[in-house]
Amino acid sequence: MSLLGGNDLKEQQKINELELKINREKQKLDKKLTRQKILLGAFLVDALENDSVDGLKDYTANHLLDFLSRQTDKDLMADLVKELGNKVNANNNDETN
């Protein structure tokens, strides 16, 4: 064993352990944020389905596709936006008749 750098291995092991701990904490945070997004999405879907917030369907139908940046996401949400738009238009027609 060399007189110089004898503790390097122990220090490197400690660094590796700390990096693993940091990565585990990042994963926990990512899971928490993902769960929050899912719950918020479920809340908003419920509000849309029950029409419990005035103007939410109209706002969503008019702005969701502009909010999305990926074409695959826009394609995925296109039917929902179309359905929301149809419901908004049907409600507006009912109100004017």
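Brief remarks on what is shown
- Qualifying residue in segment 16-37 (condition: out of contact with any Asp or Glu (no Cβ under 9 Å at 6 or more places or on another chain), polar (S, T, N, Q) and not in a helix (DSSP H, G or I)): no
- Applying the condition of being open to solvent by 100 Å² or more (accessible area, probe 1.4 Å) and among the acidic types (Asp, Glu) to segment 6-51 and asking which residue is nearest to residue 62 (Cα to Cα) yields 49.
- Qualifying residue in segment 44-52 (condition: assigned to a loop (DSSP other than H, G, I, E, B) and on the phi < 0 side of the Ramachandran plot): yes
- Residue in segment 72-81 that is surrounded by 10 or more Cβ atoms within 10 Å (Cβ to Cβ) and over 22 Å from the mean Cα position of the chain (by Cα) present: no
- The set of residues from segment 34-51 being within 17 Å of residue 85 (Cβ to Cβ) and of a type in the set (Val, Ile, Thr) comprises just one member, 45.
- Enumeration of residues in segment 52-71 that are open to solvent by 100 Å² or more (accessible area, probe 1.4 Å) and either under 15 Å from residue 87 (Cα atoms) or in contact (Cβ under 8 Å) with a residue 24 or more places away in the chain (or both): 54, 59
The values are calculated or read from the model by the stated rules, or taken from the named source; none is laboratory data. A quick note: this is a predicted structure, and the numbers were derived from the prediction, not measured. Neighbour counts run over all protein chains shown; Cβ positions are idealised from the backbone, glycine included. Just the protein is used for accessible areas: all its heavy atoms, side chains included, with ligands, DNA and RNA removed. Shrake-Rupley method; radii C 1.70, N 1.55, O 1.52, S 1.80 Å.
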